[in-house]
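Report on the following structure.
The values are calculated or read from the model by the stated rules, or taken from the named source; none is laboratory data. All values derive from a computational prediction rather than experimental measurement. Cβ atoms come from the backbone with ideal geometry, glycine included; neighbour counts cover every protein chain shown.
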Amino acid sequence: MRTELIHSIESKLQNNQPLTEQEREALLDVLHELKGLHTTLREFEVTHPELVDTVNRICIMLANLGI
(Lines give C-alpha, C1' and ligand atoms only; values in the text may rest on other atoms or scores of the structure.)
Protein backbone atom coordinates (compact mmCIF):
# COMPACT_ATOMS: atom_id res chain seq x y z
CA MET A 1 0.00 0.00 0.00
CA ARG A 2 1.55 3.33 -0.97
CA THR A 3 1.25 6.64 0.80
CA GLU A 4 0.54 8.33 -2.56
CA LEU A 5 -2.82 6.55 -2.68
CA ILE A 6 -3.65 7.75 0.83
CA HIS A 7 -2.69 11.32 -0.10
CA SER A 8 -4.75 11.10 -3.30
CA ILE A 9 -7.87 10.07 -1.41
CA GLU A 10 -7.31 12.76 1.22
CA SER A 11 -6.90 15.34 -1.53
CA LYS A 12 -10.15 14.30 -3.20
CA LEU A 13 -11.97 14.59 0.10
CA GLN A 14 -10.45 17.98 0.93
CA ASN A 15 -10.96 19.53 -2.52
CA ASN A 16 -14.71 19.30 -2.09
CA GLN A 17 -15.12 17.40 -5.31
CA PRO A 18 -18.75 16.64 -6.05
CA LEU A 19 -19.36 13.46 -4.10
CA THR A 20 -22.52 11.99 -2.76
CA GLU A 21 -22.64 11.36 0.97
CA GLN A 22 -22.40 7.63 0.25
CA GLU A 23 -19.28 8.14 -1.91
CA ARG A 24 -17.70 10.36 0.73
CA GLU A 25 -18.36 7.78 3.46
CA ALA A 26 -16.97 4.99 1.27
CA LEU A 27 -13.78 6.99 0.61
CA LEU A 28 -13.41 7.72 4.31
CA ASP A 29 -13.80 4.00 5.07
CA VAL A 30 -11.18 3.09 2.45
CA LEU A 31 -8.87 5.79 3.78
CA HIS A 32 -9.20 4.47 7.32
CA GLU A 33 -8.49 0.90 6.18
CA LEU A 34 -5.47 1.96 4.11
CA LYS A 35 -3.97 3.88 7.00
CA GLY A 36 -4.43 0.87 9.26
CA LEU A 37 -2.88 -1.45 6.70
CA HIS A 38 0.03 0.93 6.18
CA THR A 39 0.73 1.00 9.91
CA THR A 40 0.48 -2.78 10.19
CA LEU A 41 2.86 -3.31 7.26
CA ARG A 42 5.42 -0.90 8.73
CA GLU A 43 5.29 -2.74 12.05
CA PHE A 44 5.68 -6.09 10.23
CA GLU A 45 8.72 -4.77 8.37
CA VAL A 46 10.32 -3.79 11.67
CA THR A 47 9.54 -7.05 13.46
CA HIS A 48 10.31 -9.41 10.56
CA PRO A 49 13.02 -7.75 8.43
CA GLU A 50 14.53 -10.98 7.08
CA LEU A 51 11.16 -12.32 5.93
CA VAL A 52 10.31 -9.00 4.27
CA ASP A 53 13.69 -9.00 2.50
CA THR A 54 13.15 -12.55 1.24
CA VAL A 55 9.65 -11.79 -0.06
CA ASN A 56 10.95 -8.62 -1.75
CA ARG A 57 13.73 -10.57 -3.48
CA ILE A 58 11.26 -13.20 -4.67
CA CYS A 59 8.96 -10.50 -6.05
CA ILE A 60 11.84 -8.85 -7.89
CA MET A 61 12.93 -12.17 -9.32
CA LEU A 62 9.39 -12.93 -10.53
CA ALA A 63 9.06 -9.44 -12.01
CA ASN A 64 12.33 -9.91 -13.87
CA LEU A 65 10.91 -13.14 -15.31
CA GLY A 66 7.84 -11.26 -16.46
CA ILE A 67 5.49 -12.92 -14.04
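Which one of these is touching a Phe, Trp or Tyr at 6+ places or on another chain (Cβ under 9 Å) and not charged (D, E, K, R): L65, L41, L27, L51?
Numbers: L65 fails: touching a Phe, Trp or Tyr at 6+ places or on another chain (Cβ under 9 Å); L41 fails: touching a Phe, Trp or Tyr at 6+ places or on another chain (Cβ under 9 Å); L27 fails: touching a Phe, Trp or Tyr at 6+ places or on another chain (Cβ under 9 Å).
None of the other options fit; the residue is L51.
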Query raised in the report: Given the residues N64, N15, which is the only one that is modelled with pLDDT under 90 and surrounded by fewer than 10 Cβ atoms within 10 Å (Cβ to Cβ)?
Result: N15
Report summary line: When restricted to E43, E25, E10, the only residue out of contact with any Cys (no Cβ under 6 Å at 6 or more places or on another chain), exposed (fewer than 11 other Cβ atoms within 10 Å of the Cβ) and in a helix (DSSP H, G or I) is E43
Query - V52 vs. criteria in contact with an Asp or Glu (Cβ under 8 Å, 6 or more places away or on another chain), at pLDDT 85 or above, surrounded by 11 or more Cβ atoms within 10 Å (Cβ to Cβ) and in a helix (DSSP H, G or I) - result: yes
